[in-house]
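Asks: The structure follows.
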Amino acid sequence: FEYARILKGLQPKVFVAENVSGLVKGTAKGYFKDILAALKACGYRVQAKLLDSQWLGVPQARQRIIFIGVRNDLGHEPVFPKPLPYRYSVREALPWITRIKVAGEYEDWRDANRPSGTIVQSDGARNSRTAYFATFMVEAETDISRFAIGREWDRLRAGEKGKYLNLVKPKLDRASPTITAEGGSAGAASVTHPTERRKFSIAELKRICAFPDDFVLTGTFAQQWERLGRAVPPLMMQAIAETIKDEILCKLK
């Protein structure tokens, strides 16, 4: 309702607001109707839609209620982005997962003349498999071996949820399950790495959440994880913003 107060004072041509999917489920529906009424009372044509980021270029299933409002005097209805005909998987977001481990370490097959991040072909002695090289750090806080969730992780198959709330091992060929803000806490059940007994590193998590590789986060591991877990994925917001620009703002007289 503070948002509505500011909206009423500023009166932009179009506004976007978001909230969690639970706002339209169960007993929260009444609160949702109050919010919708408050936004409309500011002088806008308002619609709300449940969007899933995995259909908007993000390798993560993440539902959000998106409110879009167009000022009444402009004569346009709100427009939402159309879902893409494809989804990106964890494997596509993190191609280095396909590298081969030797004695617990990743072999460095990188050619000295190739920059980090290039794809190279291994020789015959290594079964002619393709390796991907990327420079990133795996923080010590990712290790779940000493916790009960680590033992439970060993029993999980790909795509399965554990007996601990929110513990899930992602499928490589699907979008990641939703990343929650609490997942960075030590021992907390959350989405894990699909093939190693650990959580995603921050570098990997940025890709799962559709942030640029060079986006700088500060603070502790848990604080960085929390920010990514609370954020609307940038590619999701880009799709929303481009739709508003192309279908509403560019068509105003």
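The values are calculated or read from the model by the stated rules, or taken from the named source; none is laboratory data. Here the structure is a predicted model, which means the values were calculated and not measured. Using ideal geometry, Cβ is built from the backbone for each residue, glycine included, and neighbour counts are taken over all protein chains shown. Each accessible area value is taken on the protein alone, full model and side chains, heavy atoms only, with ligands, DNA and RNA left out. Shrake-Rupley method; radii C 1.70, N 1.55, O 1.52, S 1.80 Å.
Asks: For residues in the range 43-81 being in a loop (DSSP other than H, G, I, E, B) and closer than 17 Å to TYR3 by Cβ, which is farthest from the chain's Cα centre (by Cα)?
Replies: GLY43
Asks: May I pose another question? So, in the range 5-39, how many residues would count as being at negative phi, part of a helix (DSSP H, G or I) and without any contact (Cβ under 8 Å) to a residue 12 or more places away in the chain?
Replies: Residues flagged as at negative phi, part of a helix (DSSP H, G or I) and without any contact (Cβ under 8 Å) to a residue 12 or more places away in the chain within the range 5-39 amount to 13.
Asks: Which of the residues spanning the range 168-202 are closer than 21 Å to GLN238 by Cα and among the small types (Gly, Ala, Ser)?
Replies: Listed by number, the residues that qualify are ALA175, SER176.
Asks: Right, something else. For the range 170-181, check the following and say yes or no: at least one residue is in a helix (DSSP H, G or I) and open to solvent by 80 Å² or more (accessible area, probe 1.4 Å).
Replies: Scanning the range 170-181 turns up no residue that is in a helix (DSSP H, G or I) and open to solvent by 80 Å² or more (accessible area, probe 1.4 Å).
Asks: Also, quick follow-up: Restricting to the range 182-212, and then to whatever is open to solvent by 40 Å² or more (accessible area, probe 1.4 Å) and without any contact (Cβ under 8 Å) to a residue 60 or more places away in the chain, can you tell me which residue is nearest to the chain's Cα centre (by Cα)?
Replies: So the residue we want is PRO212.
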